[in-house]
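Peer 1: Supplied in structure tokens, the structure appears directly below.
The values are calculated or read from the model by the stated rules, or taken from the named source; none is laboratory data. In this text the structure is predicted, and so the values were computed from the model without any measurement. Here the Cβ positions follow ideal geometry from the backbone for every residue, glycine too, while neighbour counts run over all protein chains shown. Ligands, DNA and RNA are excluded from the accessible area calculation, which covers all protein heavy atoms including side chains. Shrake-Rupley method; radii C 1.70, N 1.55, O 1.52, S 1.80 Å.
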Amino acid sequence: MKSLTSSLKHFLVQKLRISNKEAIDLVIGGKVLVNGSKGALTQALQPEDTVELAGQVLKQADKLIYLAYHKPRGIESTLNPQIPDNLAEAINLDQHVFPVGRLDKESEGLMLLTNNGKIFDRIIHAESHQEKEYKVTVDKPLTPEAIAHLAAGVVIMGEKTRPALVQQLDATTFAITLTQ
């Protein structure tokens, strides 16, 4: 996935077409403000940040966007334009947002999309231990063994997930609460 943030120094180099040394001098000299405060060299810029140099706005804060999207089956939870049937095609927005989490292509359900990098980072990174709850319907009756297997953690892309809270709702439906 494309990075949500860049450092202030990198932003200045790209925006002003200046050298790293010139960008460092501007920031250390206190000439660059981020949201009205002196910027720091490695400060990560978020879409909602405003950057100013000598009273001139270099980057205007983006309006924060939060979308609840019901992803149908057949849509890939990616913004990669090289992958057919991707989220970018499906939602067709003129502003860039990122999916917070993912659902398998053949799954359907509610997804959150946002341009708010702080929220994205807080939810998506494993260190936050953010809980995510899913209601899952399967095509065969559930067994106690299947529920126990899911609760113990499953292997996804070669890595075993943390143990999960699993509650059977009916013969073919269960709720599962996962943490990254």
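Peer 1: I need the peptides 31-40, 164-173 ranked by packing, meaning the mean over residues of other C-beta atoms within 10 angstrom, with the highest value on top.
Peer 2: Averaged packing, sorted descending, gives the order 31-40, 164-173.
Peer 1: Follow-up. Taking the Cβ of residue 46 as the center, what net charge do the other residues with Cβ under 11 Å away carry, scoring Lys and Arg +1 and Asp and Glu -1?
Peer 2: Charge balance in the 11 Å sphere: -2.
Peer 1: Moving on to the next point. How far apart, in nm, are the 7 Å Cα→Cβ label points at residue 57 and residue 22?
Peer 2: Rounded to a tenth, the inter-label distance reads 2.4 nm.
Peer 1: Additional query: How about residue 135: which lysines have a C-alpha closer than 30 Å to its C-alpha, ignoring those fewer than 8 places off in the same chain?
Peer 2: Of all the lysines, those that pass the test against residue 135 - Cα under 30 Å, at least 8 places apart if same chain - are 2, 71, 105, 118, 160.
Peer 1: Heavy-atom accessible area per residue, the chain, 1.4 Å probe: how many Å²?
Peer 2: The answer is 64 Å² per residue.
Peer 1: A further question on this structure: So if we plug the beta-carbon distance of residue 145 and residue 177 into 1/(1 + (r/R0)^6) with R0 = 25 Å, what FRET efficiency do we get, rounded to 0.05?
Peer 2: 0.80
Peer 1: Here's another thing I want to ask about it. Label points 7 Å out from Cα along the Cβ direction at residue 69 and residue 92: separation in nm?
Peer 2: It works out to 1.3 nm between the two label points.
Peer 1: While we're on this one: Excluding residue 35 itself, calculate the net charge of residues whose Cβ lies under 14 Å from the Cβ of residue 35, where each Lys or Arg counts +1 and each Asp or Glu counts -1.
Peer 2: Neighbour charge sum, excluding residue 35 itself: -1.
Peer 1: With a sphere of radius 12 Å drawn around the Cβ of residue 82, what net charge do the other residues whose Cβ falls strictly inside it have (Lys, Arg +1; Asp, Glu -1)?
Peer 2: -3
Peer 1: Considering amide H positions built from the backbone, and no H for Pro or chain starts, which residues 5 or more places from residue 48, or on another chain, come under 5 Å of its amide H?
Peer 2: 62, 117
Peer 1: Express in nm, to one decimal, how much length is gained between residue 31 and residue 6 on full extension, taking 0.36 nm for each residue of separation and deducting their alpha carbon distance.
Peer 2: Taking 0.36 nm per residue and subtracting the Cα distance, the gain is 7.1 nm.
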